[in-house]
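Worksheet: one structure, shown below.
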Amino acid sequence: MLRLYDYLPSGNGYKVRLLLRQLGIQFERVEVDILRGATRTPDFLSKNSNGRIPLLEISSEERLAESNAILFYLAEGTAFLPKARWQRAKVLEWLFFEQYSHEPNIATSRFWIKFVGLNDERRAALEQKQRLGYAALAVMEQHLAERAFFVADTYTIADIALYAYTHVAHEGGFDLGLYPAVRLWLERIRSQPGHVPITAG
Ligand SMILES: N[C@@H](CCC(=O)N[C@@H](CS)C(=O)NCC(=O)O)C(=O)O
């Protein structure tokens, strides 16, 4: 059975959990308390030298890190990843956008505000995180103003990847008031068959 090393409040972990649930794939979930350094123990580092969850263990020889790589692996051959070359590349475009322009700003703001608290250094960096996070939300708003989903008019792993931290962006101090298309899209994602909340293990 697949094993997922995970941390319940993590949006990166949630992406994988959500897709596994929606695909109806059984898995064992192993909670790793990142706040207590459990991803930095010799045992965990022997599984993922980058010391981070999510980590999908497929077999004793095969382990995959990086949430969006795991989504791509699991979605292959399913409706969550289009078959056409152009659409697959478009999915990747949004997965990379999520990791470069969205997650480092929106997820990090949330982590600082909700989980570890603001010290002087983080407070100083927060302003730029907020500015760049809002810029990412504006890109999403513009795209979604004319579409129901990110790629191919259908629910794909691009939506899952972007939903994970957008739906909890308020916990990182972001106000979605000026992003009506994003808010409608969040509702659309929430109503997909088999949807589970981030709090469901
Ligand atoms: N780019 C990675 C980021 C993974 C990541 O930042 N994981 C965090 C939790 S969301 C973590 O494990 N942090 C623990 C640590 O850095 O020690 C992904 O998308 O999976």
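Normalised by the number of residues in region 113-201, the mean separation of alpha-carbon contacts (under 8 Å, six or more apart) gives a relative contact order of 32 percent. Can you classify region 1-123 as rounded, prolate or oblate using the Cα gyration tensor, where a ≥ b ≥ c are the square roots of its eigenvalues, rounded means a/c under 1.5, and otherwise it's prolate if a/b beats b/c and oblate if not? In terms of gyration-tensor shape, oblate. Shape class of region 46-201 from the alpha-carbon gyration tensor: oblate, with a/c at 1.5 or above and b/c at least as large as a/b. Among residues other than Pro180 with Cβ under 12 Å from its Cβ, the summed charge is -1 (Lys and Arg +1, Asp and Glu -1). Taking the Cα centre of the chain as origin and assigning +1 to Lys and Arg Cβ atoms and -1 to Asp and Glu Cβ atoms, the resulting dipole is close to 100 debye. Comparing Lys83, Lys129, Lys47 in a Gaussian network model of the chain where C-alpha atoms under 10 Å apart are linked, the largest mean-square fluctuation is found at Lys83. Backbone geometry of region 85-91 corresponds, through the Karplus equation with coefficients 6.51, -1.76 and 1.60 at θ = phi - 60°, to 3J(HN,Hα) couplings of 3, 4, 5, 5, 5, 5, 4 Hz, x marking Gly and Pro. Here Lys83 is the anchor, and the lysines within straight C-alpha reach of less than 27 Å, apart from those fewer than 8 places off in the same chain, are Lys15. Over the chain, dividing the summed -39,500 (n - 2.57) contributions of all DSSP H runs of at least 4 residues by the number of residues returns a 222 nm mean residue ellipticity of -14500 deg cm²/dmol.
Counting only lysines at least 8 places from Lys129 when in the same chain, those with an alpha carbon closer than 20 Å to its own are Lys114. Restricting the calculation to alpha carbons of region 146-201 gives Rg and Dmax of 11.4, 34 angstrom.
Across the options Ala138, Phe44, Ile34, the greatest Cα extent toward the positive end of the charge dipole of the chain (unit charges at beta carbon of Lys, Arg, Asp, Glu) belongs to Ala138.
Rounded to the nearest whole Hz, the Karplus-based 3J(HN,Hα) values (6.51 cos²θ - 1.76 cosθ + 1.60, θ = phi - 60°) of region 67-82 follow the sequence 3, 6, 5, 5, 4, 4, 4, 6, 7, 3, x, 10, 5, 7, 9, x, with x at glycine and proline. Charge tally for Ala152 (other residues, Cβ to Cβ under 15 Å; Lys, Arg +1; Asp, Glu -1): +2. For the chain, relative contact order (Cα pairs under 8 Å, six or more residues apart, normalised by length) works out to 25 percent.
Using the Cβ of His143 as centre and a radius below 15 Å, the other residues enclosed give a net charge of -2, where K and R count +1 and D and E count -1. Of the residues Ile106, Ile34, Ile157, the one that moves most in a GNM of the chain with alpha-carbon contacts below 10 Å is Ile34.
All of the numbers you see were taken from the coordinates with simple rules; none came from a lab. Everything numeric here is computed off the predicted structure, so don't read it as measured data. Neighbour counts are summed over all protein chains in view; Cβ atoms, including those assigned to glycine, are modelled from backbone coordinates with ideal geometry.
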